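First the structure, in the form of structure tokens, and then the observations on it.
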Amino acid sequence: MTLVDRLTCENQILRVDGMEQFQVYRHDSGGYYLWGTQHSSAGSTYSLWLPLPLGFPEARPPLYIHDPNPLWAFDATRTINSFGVSHAMHTLENGPSGEVQICHWRPDRWHSGITLNKVMLKGILWLEAYAQHLATGKDINDFVRTTI
């Protein structure tokens, strides 16, 4: 299967799973990325951006909250962006424009059988946990658990 075949399947899976708001696009430069807008149950709107790295699907793609940027924490005195790599907030290094990067899959557990709908589902869950963080001040880890 070629990369284009895989990405065509990825778009079909997103549609079938009811995630039509997310689609894979091609850069003018030749690379690919997934882009879409998600509305949280709290009524906020977020743009999610997933640039596909060279070597995808074997290579794990990063998932960023492109907008809003910055993303404010509960007390509005600091941003989620300022946490950087944080287990408590389930974030990794910020993106190229300072975007929050959601930790969606451990690199050592990533494999080519993981489809982008699963990554985006984790992104949606993170956004819902973020809404709870804003409402309660609790860490995102209190709402999104991982196994060791």
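Bear in mind these aren't lab numbers, they're just calculated from the coordinates by the rules spelled out. Values in this document were obtained by computation on a predicted structure and should not be read as measured data. All Cβ positions, even for glycine, are placed from backbone atoms using ideal geometry, and neighbour counts span all protein chains on display.
Overview of values
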{"item": "Of all residues making up segment 48-58, the number that are assigned to a loop (DSSP other than H, G, I, E, B) and either surrounded by 15 or more Cβ atoms within 10 Å (Cβ to Cβ) or at negative phi (or both)", "result": "6"}
{"item": "Qualifying residue in segment 59-79 (condition: basic (Lys, Arg), crowded, with 18+ Cβ neighbours inside 10 Å and farther than 20 Å from Ala135 by Cα)", "result": "yes"}
{"item": "Residue in segment 80-100 that is in a loop (DSSP other than H, G, I, E, B), in contact with a Gly (Cβ under 8 Å, 6 or more places away or on another chain), surrounded by fewer than 18 Cβ atoms within 10 Å (Cβ to Cβ) and of a type in the set (A, V, I, L, M, F, W, C) present", "result": "no"}
{"item": "Matching entry among Gly18, Gly36, Gly55, Gly84 (being in contact with a Phe, Trp or Tyr (Cβ under 9 Å, 6 or more places away or on another chain) and among the small types (Gly, Ala, Ser))", "result": "Gly36"}
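A quick yes/no check of all residues on (1) in a strand (DSSP E or B); (2) surrounded by 15 or more Cβ atoms within 10 Å (Cβ to Cβ); (3) on the phi > 0 side of the Ramachandran plot; (4) of a type in the set (Phe, Trp, Tyr):
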{"site": "Asp5", "(1), (2), (3), (4)": "no, no, no, no"}
{"site": "Glu10", "(1), (2), (3), (4)": "no, yes, no, no"}
{"site": "Glu20", "(1), (2), (3), (4)": "no, no, no, no"}
{"site": "Asp28", "(1), (2), (3), (4)": "no, no, no, no"}
{"site": "Thr37", "(1), (2), (3), (4)": "yes, no, no, no"}
{"site": "Ser41", "(1), (2), (3), (4)": "no, no, no, no"}
{"site": "Tyr46", "(1), (2), (3), (4)": "yes, yes, no, yes"}
